[in-house]
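Asker: What follows is a single structure, and I will ask about it in a moment.
The values are calculated or read from the model by the stated rules, or taken from the named source; none is laboratory data. Treat the numbers as computed from the prediction; the structure is a model and nothing was measured. Quick reminder, even Gly has a Cβ in these numbers, built from the backbone with ideal geometry, and neighbours come from all protein chains shown.
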Amino acid sequence: MAISNMTRHAIGALVGLAALSTASAAVKVMATEGDSTLKDHTIAYVLTDRYWAVYENKDSKVDCPDGMNDGPREQFKKLFPNDGKKRTVLETQLAREGYQWHPTTSAESFPFHEAHGKVSYGLDLDGKVGPNDFDGPDGEKGIDNQLFRVIGCIANYRSAGTIYHFENEFMRRYDNDRVVIELTGVDDLKNDPDVTVTTYRGLDGLLTDATGTNTIPGGTQRLDLRWGKDYIQKLKGKIVDGVLTTEPVDRIEIPWGVTFNTSGYQVFRGMRLKLKLTPQAAEGLMAGYVDVDSFTYHLNTSWSTHHQSYGQLSSPSEYRAMRRLADGYPDPKTGVNTAISSAVKVKFAQVFVRHPPEAKTMVTKN
């Protein structure tokens, strides 16, 4: 029996719809089965965004009523004005560069403008509510973040600044900065009284969408258990109402390379995490006392004086302020505080991790 062209088209359409329906059903099944990324009581996340926590009001005069701080160029011009006096390179450029690498706490002729206001991001690190503490954006009391007072009126660290933008750009671009946290012993991402968080350095790039700019969950990270041994640290924690909090760890190094894949890191004392968890992402704060000397060394080895000038960042002036406001980990001999309370706003995307075979991770120590 002959079949008309119209009938053939109708049959083809029905077959196509049936196939589409079957494929759609299969996708739904796969999506349902893949909703949970918690496998064997384990889930991992990779760092995608980090910002030194600076609370910015819409009107910057609230944060910085005395204005923004001067940078190297502005200070240099005040020290060595164009007044016709002859000066050598040694007593000008080289002398100022020397202060970058050998800062002191001696008084300087430039005023330093600290951030004001009562509100700051951060956590209560010392369990106390003191006169110098902040209130959190949601009303929490006893927030410790003296680093905000130091960097809050330095343009480089604010949302329009060079460091604010490029630290994340370089972190995403270079694999040396890949920070991975793996949660084990997890029974429930909503509530679990006892979980373990292990920090690692990953070896792979970030998974992005088709634009190449937006990080998405579901990627894979090989863990660097050999050259990244210094970054491996275990933290105990708990999950309450979907929020992970960890107990402070005495000392931890976090990969923090920036310009041109420098292998820098930051040293935190008493670091802890507070992260809102979902199966796809984690977001919140990494807070602790950042080591002042390590912070300054990292700044000078990662950002030249030229680049610090882009955001009016004077390293010697910042160092003096950090020393003056340091509020933790006193030196056992001098009693002078060596670290300053701080907070970093962080975002993570869920990843699957690959642990290398044990034989490949063994390192012989001299």
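Asker: Mind checking whether some residue in the stretch 227-238 is in contact with a Gly (Cβ under 6 Å, 6 or more places away or on another chain) and more than 15 Å from Ala282 (Cβ to Cβ)? Let's see the steps before the verdict.
Answerer: The first filter runs over the stretch 227-238 and keeps only residues in contact with a Gly (Cβ under 6 Å, 6 or more places away or on another chain), leaving none.
Within the stretch 227-238, not a single residue is in contact with a Gly (Cβ under 6 Å, 6 or more places away or on another chain) and more than 15 Å from Ala282 (Cβ to Cβ).
Condition check ((1) outside any loop (DSSP other than H, G, I, E, B); (2) farther than 25 Å from Thr208 by Cβ; (3) modelled with pLDDT under 90) across all residues:
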residue: Lys28; (1), (2), (3): yes, yes, yes
residue: Thr48; (1), (2), (3): yes, no, no
residue: Tyr55; (1), (2), (3): no, yes, no
residue: Lys61; (1), (2), (3): yes, yes, yes
residue: Asn69; (1), (2), (3): no, yes, no
residue: Lys85; (1), (2), (3): no, yes, no
residue: Val89; (1), (2), (3): no, yes, no
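Asker: How many residues are surrounded by fewer than 19 Cβ atoms within 10 Å (Cβ to Cβ) and either part of a helix (DSSP H, G or I) or in contact (Cβ under 8 Å) with a residue 40 or more places away in the chain (or both) when one looks only at the stretch 248-270?
Answerer: Number satisfying all stated conditions: 6.
Asker: Now, a different point. Take the stretch 272-331 and flag every residue that is closer than 15 Å to Phe148 by Cα, assigned to a helix (DSSP H, G or I) and not hydrophobic (A, V, I, L, M, F, W, C).
Answerer: Ser317, Glu318, Tyr319, Arg320, Arg323, Arg324
Asker: Can we say Thr245 is within 19 Å of Thr184 (Cβ to Cβ), touching a residue at least 24 places away in the same chain (Cβ under 8 Å) and either surrounded by fewer than 20 Cβ atoms within 10 Å (Cβ to Cβ) or in contact with a His (Cβ under 6 Å, 6 or more places away or on another chain) (or both)?
Answerer: Working: within 19 Å of Thr184 (Cβ to Cβ): yes; touching a residue at least 24 places away in the same chain (Cβ under 8 Å): yes; either surrounded by fewer than 20 Cβ atoms within 10 Å (Cβ to Cβ) or in contact with a His (Cβ under 6 Å, 6 or more places away or on another chain) (or both): yes.
Judged against the criteria, Thr245 is a match.
Asker: If I filter the stretch 308-321 down to residues being of a type outside the set (Gly, Ala, Ser) and more than 21 Å from Ser159 (Cβ to Cβ), which single residue comes out as surrounded by the fewest Cβ atoms within 10 Å (Cβ to Cβ)? Reasoning before the result, please.
Answerer: As a first pass, look at the stretch 308-321 and keep what is of a type outside the set (Gly, Ala, Ser): 308, 310, 312-313, 316, 318-320.
Of the ones still in play, those that are also more than 21 Å from Ser159 (Cβ to Cβ) are 316, 319-320.
Numbers: Pro316: 22, Tyr319: 22, Arg320: 20.
By that ranking, first place goes to Arg320.
Asker: Looking at (1) in contact with a His (Cβ under 8 Å, 6 or more places away or on another chain); (2) closer than 17 Å to Val346 by Cα, can you tell me which one Cys153 breaks?
Answerer: (2)
Asker: Which is β-branched (Val, Ile, Thr) and in contact with a Ser or Thr (Cβ under 8 Å, 6 or more places away or on another chain), of Ile163, Ile181, Ile151? Outline the logic, then answer.
Answerer: Details: Ile163 fails: in contact with a Ser or Thr (Cβ under 8 Å, 6 or more places away or on another chain); Ile151 fails: in contact with a Ser or Thr (Cβ under 8 Å, 6 or more places away or on another chain).
Just one listed residue meets the conditions, Ile181.
Asker: Do you know which residues across the stretch 193-242 are surrounded by 18 or more Cβ atoms within 10 Å (Cβ to Cβ), part of a strand (DSSP E or B) and either more than 20 Å from the chain's Cα centre (by Cα) or of a type in the set (D, E, K, R) (or both)?
Answerer: Across the stretch 193-242, the qualifying residues are Val195, Arg201, Ile239.
Asker: Looking at the structure I just gave you, is Lys77 in contact with a strand residue (DSSP E or B) (Cβ under 7 Å, 6 or more places away or on another chain) and exposed (fewer than 12 other Cβ atoms within 10 Å of the Cβ)?
Answerer: Values: in contact with a strand residue (DSSP E or B) (Cβ under 7 Å, 6 or more places away or on another chain): no; exposed (fewer than 12 other Cβ atoms within 10 Å of the Cβ): yes.
For Lys77, the condition - in contact with a strand residue (DSSP E or B) (Cβ under 7 Å, 6 or more places away or on another chain) and exposed (fewer than 12 other Cβ atoms within 10 Å of the Cβ) - is not met.
Asker: Determine if the stretch 333-347 includes at least one residue that is of a type in the set (Lys, Arg), touching a Leu at 6+ places or on another chain (Cβ under 6 Å) and assigned to a strand (DSSP E or B).
Answerer: Step one: filter the stretch 333-347 for residues of a type in the set (Lys, Arg), giving 333, 345, 347.
If we keep only those that are touching a Leu at 6+ places or on another chain (Cβ under 6 Å) too, we end up with none.
No: zero hits.
Asker: Any chance the stretch 183-190 includes a residue that's in a strand (DSSP E or B), among the charged types (D, E, K, R) and either closer than 13 Å to Lys238 by Cβ or touching a strand residue (DSSP E or B) at 6+ places or on another chain (Cβ under 6 Å) (or both)?
Answerer: Taking the stretch 183-190 as the starting set, the residues that turn out to be in a strand (DSSP E or B) are 183-184.
Pick out the ones that are also among the charged types (D, E, K, R) and you get none.
For the stretch 183-190, residues in a strand (DSSP E or B), among the charged types (D, E, K, R) and either closer than 13 Å to Lys238 by Cβ or touching a strand residue (DSSP E or B) at 6+ places or on another chain (Cβ under 6 Å) (or both): absent.
Here's the yes/no breakdown for (1) more than 25 Å from Ser294 (Cα to Cα); (2) free of Cβ contacts under 8 Å to residues at least 40 places away in the same chain; (3) under 26 Å from the mean Cα position of the chain (by Cα):
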site	(1), (2), (3)
Gln100	no, no, yes
Thr105	no, no, no
His116	yes, no, yes
Asp138	yes, yes, yes
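Asker: So, one more: Considering only the stretch 170-179, I want to know if a residue exists there that is among the β-branched types (Val, Ile, Thr), touching a residue at least 12 places away in the same chain (Cβ under 8 Å), surrounded by 20 or more Cβ atoms within 10 Å (Cβ to Cβ) and out of contact with any Asp or Glu (no Cβ under 9 Å at 6 or more places or on another chain). Don't jump to the end; show me each part of the working.
Answerer: From the stretch 170-179, those among the β-branched types (Val, Ile, Thr) are 179; that's our starting set.
In the following step, the residues that additionally are touching a residue at least 12 places away in the same chain (Cβ under 8 Å) were identified as 179.
Adding the requirement that they be surrounded by 20 or more Cβ atoms within 10 Å (Cβ to Cβ) leaves 179.
Applying the additional criterion that residues be out of contact with any Asp or Glu (no Cβ under 9 Å at 6 or more places or on another chain) yields 179.
Scanning the stretch 170-179, I find at least one residue that is among the β-branched types (Val, Ile, Thr), touching a residue at least 12 places away in the same chain (Cβ under 8 Å), surrounded by 20 or more Cβ atoms within 10 Å (Cβ to Cβ) and out of contact with any Asp or Glu (no Cβ under 9 Å at 6 or more places or on another chain), so the answer is yes.
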